[in-house]
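Read through the structure below, which is laid out as structure tokens, and then see the notes.
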Amino acid sequence: MTVPSPIRAVWKTAELMIAFHKNKKKERRDEPYLWRPKDAIARLLSKPEDQEAFIVLKGHEDAADVQIKLHPDKMIIRRDHVLGWSGIVIDDHSVKVLVDDDWIRIDHDGAVKIERDAETTYLEGDGSIIRTSPDAEIMISSDGQSMSRRTGEQLDAFTPEGFISRKRS
């Protein structure tokens, strides 16, 4: 029998703050004015460029802090981390995660899109896979019965009826 390791707390405090990006004259500030609301309620205005409500989760080390920005149409979660995820955007239609400079988007229907440099990979809601790059486009059906690769010069495909390979003109 193994004894489970003790659970370590990741966050030590959570602080609700409002950042005012403009002054009372509606002029943009160089640095936002930070305010802590007394009643811990922040009204979400329609223009986050004027004012933002956010929560700062303090970690045990400075690099472990997480900032949760609350906008009327989305939430943005950020952290300064070299490896792993550094940003998450949650809206009504999708969740996007920034991992090591690559964006991964999960749509409302379960489809996943990964953008990495000049390559994009799609995992569709039905299970089919599409990968595009400057050199080729590759498609695999959800049941695995059909696969194709298209380049500027060639089209190759496996289908239930057989194999096709043609030069493109």
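Conditions tested, residue by residue: (1) assigned to a strand (DSSP E or B); (2) exposed (fewer than 13 other Cβ atoms within 10 Å of the Cβ); (3) not assigned by the TED database to the domain that holds Ile77.
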site	(1), (2), (3)
Val95	yes, no, no
Tyr122	yes, no, yes
Arg149	yes, no, yes
Phe158	yes, no, yes
Phe163	yes, yes, yes
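Only one of Asp39, Asp73 is closer than 25 Å to His108 by Cβ, without any contact (Cβ under 8 Å) to a residue 24 or more places away in the chain and either of a type in the set (Phe, Trp, Tyr) or open to solvent by 80 Å² or more (accessible area, probe 1.4 Å) (or both); which? Can you show your working first?
Numbers: Asp39 fails: closer than 25 Å to His108 by Cβ.
The match here is Asp73.
Taking the criterion of being among the acidic types (Asp, Glu), assigned to a strand (DSSP E or B) and either over 30 Å from Ser142 (Cα atoms) or at pLDDT 90 or above (or both), would at least one residue in the stretch 31-48 satisfy it?
yes
With open to solvent by 40 Å² or more (accessible area, probe 1.4 Å) and either under 29 Å from Ala53 (Cβ atoms) or outside the structural domain of Ala40 (by the TED database) (or both) as the only criterion, which of Ile88, Ile138 stands out?
Residue meeting the stated conditions: Ile138.
May I ask you to list the residues in the stretch 52-86 that are assigned to a strand (DSSP E or B) and under 24 Å from Gly125 (Cβ atoms)? Steps first, please.
The initial filter retains those residues of the stretch 52-86 that are assigned to a strand (DSSP E or B), namely 52-59, 66-70, 74-79, 85-86.
Correct list: Lys74, Met75, Trp85.
Of the conditions (1) open to solvent by 70 Å² or more (accessible area, probe 1.4 Å); (2) modelled with pLDDT of 90 or more; (3) of a type outside the set (A, V, I, L, M), Asp117 fails just one. Which one is it?
(2)
The values are calculated or read from the model by the stated rules, or taken from the named source; none is laboratory data. Bear in mind that the values here come from a model prediction, so they are computed numbers and not experimental data. Glycine gets a Cβ as well: all are built from the backbone with ideal geometry, and neighbour counts include every protein chain shown. Each accessible area value is taken on the protein alone, full model and side chains, heavy atoms only, with ligands, DNA and RNA left out. Shrake-Rupley method; radii C 1.70, N 1.55, O 1.52, S 1.80 Å.
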